[in-house]
Amino acid sequence: MRATEYLIPTLRETPAEAEVASHRLLLKAGFIRQSASGVYTLMPLAHRVLLKIINIVREEMNREGGQEILLPIIQPGELWLKSGRWDVYGPELFRLKDRHGRDFCLGPTHEEIITELVRGDLRSYKQLPILLYQIQNKYRDERRPRFGLLRGREFIMKDLYSFDRDEAGLEISYRKMYEAYHRVFSRCGLKFRPVEADSGPIGGSVSHEFMVLAGAGEAIVLYCQHDPCGYAANVEKAKSPATRPQTPEDPQPLEVVHTPGQRTVEDVTSYLGIDPERIVKTLLYETDRGLFAALVRGDRELNEVKLQNAIGAVHLEMAGAETIRRVTGAPVGFTGPVGLHGVELVVDEEVANMVNCITGANQADAHYRNVNPGRDFKVDRITDLRLVHEGDPCPHCGRPLAMARGIEVGQVFKLGTKYSEAMGLTYLDEHGAEKLVVMGCYGIGVTRTLAAAVEQHHDEHGIVWPAAIAPFTVVVVPVNVRDEVQATLAEQAYEMLSAAGVEVLLDDRAERPGVKFKDADLVGYPLRITVGKTAGEGLLELRVRRTGESRLVPLADLVGAVQSLLGDDR
Ligand code: ATP
Ligand code: MG
């Protein structure tokens, strides 16, 4: 490919709207252009990278027996009603009506449509297992589309669905995908970490996310640095053992303390001169399953995802001042569990262990002292509600957890029978008995992976593509295209490399060398071959983008030198 015939619209200015490196660099280096918020065109360079990632994904899916299909993007609303997700998915679902007024949506994910598809064609256990996948556009009307390709409203995903006879079969399919994901992200040149994850609105029980570790990541990962423990989970899922009071105490009689205007944990701790570990926070939530009060220790934060899972709620919102007054009879800041009626209490396991704690008294300017769970209020439900922080003990080995930011590039879920039950997907076993199919689903954000690679591989000059997914692995730059000797040698280098199967771009533009070098660094080709002063002696300069290391090679040795520098991941 020749630069004069190729659309690489690099920008001189750094785009002001881009907050993270991948967004900034992909715009600046001419890889993407925005069409609407969260909607992008992939320009020729990005499209080449995309195809390389897709190729890796496809090879690894096929290796595990995945069969590629293409499901419709437009999905009938009735299938989503059947699965129960038409209402659950909320405003993220792009909904539309056809000319007859029938409901449709643009697929954000494809469990419904594939379950229905397999239902139509599956009869016998002999047909199982089945692994079907597709690589295709997905649509999610994200609340905050941002960071370029990292969080779009239209993006490309690989989604595979597994269909098995039983849990044992699912375990095998899940393992296969887990291993395949390792290979995919390794081959893409990414540093990543699989972590335990919450399964969210997709449903199911067991799930892992594959996180590319990068400062721009929106996900927070807690992990144990100590071998061989290896515990790792995203913050929504992360656990840490509940602590118990250090010194045993006898329960004391309940008493009211006057706390005028002391609403927050900080207020009350300083006013009463006590530790926040003495306090119990009572947080009222309005949910689709009614009103709940969540109780956590004063120095802890509530993990809303854990609360949501504990009560099986889809929507959850902290109660406003009006609701608080109606339910507790007191203004904000004095809510407590004692005598609180009409609200289910969900109690963190740590709170359940507490003795003689301080809580709000459900009256203005008052708290209770010496509150004892079980004695002074009925504990409806005890569960883990805490948000885990860096430094909290590891749930497996007890040593302090470390924290990192990650970009979720893939997620694998054990769905179990959630969708087969809702949509009637069954098969006949060898005894002729009708059984529910056990499912799994496995997604990779392909366009997000592209951006994640840039987040991990760039420097102040531009992108530094891992060779396996670079748009071109080599750029040949004649310093002066009007110089006959240089132009001819560059042309020869270009021809030789192309013939050897190396993906090479010839920068034959009549630009100043500084401009071409800058662009080469910005676009991030792993190798640059400069044809300049030494062209007369038949020597070319080979420079490695990542290290800046360079050497002179004669034309005859060029292919060998390039191949050895690119290594196996060419
Ligand atoms: P997130 O938590 O980041 O919103 P998700 O958990 O909702 O993602 P999944 O339903 O697990 O996403 O989708 C599978 C994969 O698709 C994700 O692991 C991610 O790589 C990618 N993905 C999801 N949402 C987006 C998006 N808005 N833009 C780009 N890629 C996305
Ligand atoms: Mg996910």
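The values are calculated or read from the model by the stated rules, or taken from the named source; none is laboratory data. Note that the structure is a prediction, hence the values are computed from the model and not measured. With ideal geometry, Cβ positions are generated from the backbone for all residues, glycine too; neighbour counts draw on all protein chains shown. These area figures cover heavy atoms from the full protein model, side chains too; ligands, DNA and RNA do not enter into them. Shrake-Rupley method; radii C 1.70, N 1.55, O 1.52, S 1.80 Å.
Observations, loosely collected:
- Restricted to Cα atoms, region 488-541 shows a radius of gyration and a Dmax of 11.3, 29 angstrom.
- Straight-distance crosslink candidates among lysines, where the alpha carbon sits under 18 Å from K418 and sequence neighbours closer than 8 are dropped: K82, K435
- Relative pair counts by distance (%), Cα atoms of region 255-383, 10 Å bins: 14, 49, 33, 4
- Size of electric dipole in the chain: Cβ of Lys, Arg +1 and of Asp, Glu -1, about Cα centre, debye, nearest 20: 800
- Most positive-pole-ward Cα, Y419, L387, A319, against dipole of region 293-428 from beta carbon charges: Y419
- Rel. contact order, % - alpha carbon contacts under 8 angstrom, at least six apart, region 255-383: 28
- When nucleic acids and ligands are ignored and a 1.4 Å probe is applied, R375 ends up with an accessible area of around 120 Å².
- Convex hull (Cα only) mean projected area of region 100-201, reported in nm² to one decimal: 9.6
- The orientation-averaged projection of the convex hull spanning the C-alpha atoms of region 313-427 amounts to 12.6 square nanometres.
- Anchor K176: lysines whose Cα lies under 17 Å away (excluding residues fewer than 8 positions away in-chain): K158, K414
- All lysines inside 29 Å of K518 as judged from Cα atoms, apart from same-chain residues fewer than 8 positions distant: K28, K52, K191, K533
- Dipole orientation for the chain: of the candidates I114, P241, A29, A29 has the Cα lying most toward the positive pole (charges on Cβ; Lys, Arg +1; Asp, Glu -1).
- Normalising the average separation of contacting C-alpha pairs (under 8 angstrom, six or more residues apart) by the number of residues puts the relative contact order of region 318-470 at 14 percent.
- In angstrom, the C-alpha Rg and Dmax of the chain are 29.3, 97.
- Share of carbon and sulfur in the accessible heavy-atom surface of the chain [1.4 Å probe, %]: 49
- Region 532-570: GluC sites (Glu not before Pro) in DSSP coil with no more than 10 other Cβ atoms inside 10 Å: E549
- Surface per residue (accessible, 1.4 Å probe) for the chain, Å²: 44
- The residues E322, E434, E154, sorted by heavy-atom accessible surface at 1.4 Å with ligands and nucleic acids left out, run E322, E434, E154 from largest to smallest.
- Scattering curve values for region 472-569, log₁₀ I(q)/I(0), Debye with Cα scatterers, q = 0.12, 0.21 Å⁻¹: -0.31, -1.03
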